[in-house]
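Values in this text are rule-based calculations from the coordinates and carry no lab data. What you are looking at is a predicted structure, and each value in this text was computed from that prediction instead of being measured. Heads up, the Cβs are rebuilt from the backbone with ideal geometry, glycines too, and the neighbour counts pull from every protein chain shown.
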Amino acid sequence: MPAAALQYGMRYYLSGRCVLRRLETPSVYDIESDELYELDEDAFEFLACCASPGGCSSDNGIFIDYCVQEGILVTGPVAVRRAPVVRSPAPSLRYLELQVTDRCNLRCRHCFIGERGSNELSPDEIGAVLSEFEAMQGLRVLITGGEPLLYSRFAELNRMLSGYSLRKVLFTNGSLLTRKILRELAVHEVQVSIDGLKEAHDSLRGEGSFESALNAVRTCAAEGVCVSVSTMVHAKNLGDFDAMQELFDGIGVKDWTVDVPCETGRLEQNRDFLVDPATGGRYLAYGRGEGLHTSTPGFACGLHLMSVSAAGGISKCTFYAGREAGTVRDGLLRCWKKIPPVRLAALKCDCAHLEQCRGGCRYRAELLDGPFGRDLCRCALYNHHASDIIE
């Protein structure tokens with residue numbers, strides 16, 4: 001019998017890395033492992049007691065053992081700030097893309113932003129956004145740009161981050177990520193863009209960018225920092241995916257996100273990098289761990305996501321930056337209520353994989369197949385309506 005079950009009457013405390021969230025289902029979220037555990041009401045109330053300074057005890061050895069093994073409960077008092085637990089809006093806002101600046105040191109040929117700008121959110125604006133996101137029971141914030149390490153007050157931002165019970169992910173091109181900066185970062189994960197092996201990556205992002213990006217990934221792994229990779233499928237990296245998979249597996253990359261870029265921003269002037277949906281969609285089979293937790297059945301992609309631009313606009317994702325629901329001055333909740341969720345029943349999609357695919361990227365679907373259309377790249381992945389795929 002596990003040790004925890006033998007120690008009847010022991011006090012247990014909610015781990016400092018775990019937070020309670022009242023989402024559609026009561027849940028406990030492990031910020032460090034990015035695991036979300038759905039609970040019944042009794043389990044939720046028990047863990048709420050464990051989050052109090054006095055801790056809790058129980059004779060339910062099986063449940064206690066599981067929580068201890070998962071790192072949800074510990075046997076010593078925990079001194080952390082606990083954010084208030086209230087019921088989230090429905091649908092819940094779980095993921096936030098926070099573009100702190102649109103400044104960048106690269107001129108990637110596929111960048112959706114287009115020409116580099118000089119917009120930045122102020123620390124006060126960022127603080128207000130993060131505070132409201134946390135209060136809305138948010139889980140994970142992606143700190144992005146541009147290149148977020150070029151944010152003019154990054155040291156101040158970095159100090160601010162530790163005050164929020166959210167999983168913080170830094171999305172970077174890797175070129176500025178030194179060992180010193182990495183050791184000071186108040187984030188749980190670093191995500192680096194690598195878009196092929198050296199020749200293919202550099203053709204898209206500039207000479208020397210592959211080595212700096214790969215060095216950033218290796219440095220994260222060596223320092224014990226959780227690291228993931230994001231890859232865009234383009235015409236010059238199609239022969240690199242098997243080698244990339246072997247490379248990333250060898251380094252210890254946690255997640256590998258693979259996607260097909262939308263024809264927007266600079267990609268409109270660099271069409272030689274475009275791939276047709278029938279080709280690009282097949283490469284979506286690569287990668288692993290998309291990082292999304294269970295979602296409400298019957299709704300399309302983006303149900304729990306919102307984006308804040310460096311200019312302060314709030315939209316359903318970064319691609320919808322031209323169709324804002326409001327600005328940071330309006331607040332997240334007010335904007336969130338203006339973004340209607342898309343039901344799968346409203347889409348043209350009719351295949352057996354619809355709940356798994358969730359209609360794919362809705363922005364890409366609109367570009368390829370019109371309003372409520374199909375994401376033809378995802379259709380190619382599932383080999384559905386192959387005759388309809390745009391060549």
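A Cα-only calculation for segment 3-74 places Rg and Dmax at 11.4, 35 Å. Taking one quarter of the surface of the convex hull spanned by the alpha-carbon atoms of segment 79-185 gives a direction-averaged projected area of 8.0 nm². Once the chain from Ala128 to Val86 is taken as fully extended at 0.36 nm per residue, the excess over their C-alpha distance is 13.3 nm. Measuring against 28 Å, Cα to Cα, the residue pairs Lys168/Lys236; Lys168/Lys337; Lys180/Lys236; Lys168/Lys316; Lys198/Lys254 contain Lys168/Lys236; Lys180/Lys236 as the ones spanning a longer distance. Rounded, prolate or oblate: which one fits segment 10-151, using the alpha carbon gyration tensor with axes a ≥ b ≥ c (rounded when a/c is under 1.5, else prolate when a/b beats b/c, else oblate)? It comes out prolate by the Cα gyration axes. Sparsely packed loop sites in segment 62-104 (the trypsin sites (Lys or Arg not before Pro) outside DSSP H, G, I, E and B with at most 12 other Cβ atoms within 10 Å) comprise Arg81. Among His353, His110, His188, the residue with the largest mean-square fluctuation in a Gaussian network model of the chain, with springs joining Cα atoms closer than 10 Å, is His353.
Mean silhouette area of the chain, derived from the convex hull of its C-alpha atoms and averaged over all directions, reads 19.9 nm². Counting only DSSP beta bridges with both residues in the chain, tell me the antiparallel percent, nearest 5. Rounded to the nearest five, the antiparallel share is 40 percent.
Close amide H partners of Leu73, meaning residues 5 or more places away or on another chain with modelled amide H under 5 Å apart, are Ser15, Val68. To the nearest µm²/s, what D does Stokes-Einstein give for segment 236-391 at 10 °C and 1.306 mPa s, using the Kirkwood radius over alpha carbon pairs as Rh? For the chosen part, D equals 93 µm²/s.
Counting residues in segment 303-391 as N, plug N into 2.2 N^0.38 Å and put the Cα Rg over that result.
Working: Rg = 14.8 Å, N = 89, 2.2 N^0.38 = 12.1 Å.
For segment 303-391, the normalised Cα radius of gyration comes out at 1.22.
Overall size of segment 237-309 from C-alpha positions, given as principal axis extents largest first: 37, 36, 27 Å. Comparing Ser315, Ser228, Ser118 in a Gaussian network model of the chain (Cα springs below 10 Å), the most mobile by mean-square fluctuation is Ser118. Of the candidates Met232, Met136, Met160, which one comes out as most mobile in a Gaussian network treatment of the chain with C-alpha springs shorter than 10 Å? Looking only at Met232, Met136, Met160, the biggest GNM fluctuation is shown by Met160.
I'd like the GluC sites (Glu not before Pro) in segment 166-216 restricted to DSSP loop residues with at most 10 other Cβ atoms within 10 Å, sorted by number. Present the calculation step by step, with values, prior to reporting the outcome.
Working: sites: Glu184, Glu189, Glu199, Glu207, Glu211; in loops: Glu207.
Counting only loop positions with at most 10 other Cβ atoms within 10 Å, the GluC sites (Glu not before Pro) in segment 166-216 are Glu207.
The residues packed around Ala186, meaning those with a beta-carbon under 9 Å from its beta-carbon, carry a net charge of +1 if Lys and Arg are +1 and Asp and Glu are -1.
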